[in-house]
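The values are calculated or read from the model by the stated rules, or taken from the named source; none is laboratory data. Only a predicted model underlies this, so the values are computations on that prediction, with no experimental measurement involved. Cβ placement follows ideal geometry from the backbone for every residue including glycine, while neighbour counts extend to all protein chains displayed.
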Amino acid sequence: MHHEYICLSPMWRNAGPQFDCDFIVTDPQAEGMCSLDVAHVLCFFSFKYQGMLYPCVIVHWFDCVRNGPDVATGMWIVHPGYHMCSLWNIAIIHTDTIYHAVHLIPVYAAHNINCGDISPHHSYDIFHSFYVNKYADHHAFKMAF
């Protein structure tokens, strides 16, 4: 059985917050990235309803930029999802829908970025789109096609 740890910490080793991104199963009948969405995990919680415990996750969804991977890199490109008025596309989902951790690589723009302004915990805020790194491990390579 394969298992992973999902890091959610408002203060990770006194260096700032760490909130992981994951693949979320949204269409079990499809294959590859067509069956998965990428989400930034913000919080775990659970509640009881009529004696049943429901483990849940609050996520910020990422949207795919295209209907297929980037031609040059072979990797899908995603960007943070927003509703109208620039509100984050946030949802509460069951923990059973989390499939695997995902590694995102920023898509570097043509303009210069001040390296002093970037810290690891601000990269999701500074960059506007990200490559879904299918080369991170063999599990990701099988999923992100």
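Could you run through region 56-78 and say how many residues are closer than 15 Å to H40 by Cα and touching a Phe, Trp or Tyr at 6+ places or on another chain (Cβ under 9 Å)? Number of matching residues: 10. Which of (1) in contact with a Leu (Cβ under 9 Å, 6 or more places away or on another chain); (2) surrounded by 17 or more Cβ atoms within 10 Å (Cβ to Cβ) does W76 not meet, given it meets every other one? Of (1) in contact with a Leu (Cβ under 9 Å, 6 or more places away or on another chain); (2) surrounded by 17 or more Cβ atoms within 10 Å (Cβ to Cβ), only one is false for W76: (1). From the list Y54, Y108, the one residue that fits, being at pLDDT below 90, of a type in the set (S, T, Y) and surrounded by fewer than 18 Cβ atoms within 10 Å (Cβ to Cβ), is Y108. V25 falls short on exactly one of the conditions (1) closer than 18 Å to I6 by Cβ; (2) out of contact with any strand residue (DSSP E or B) (no Cβ under 9 Å at 6 or more places or on another chain), and that condition is (2).
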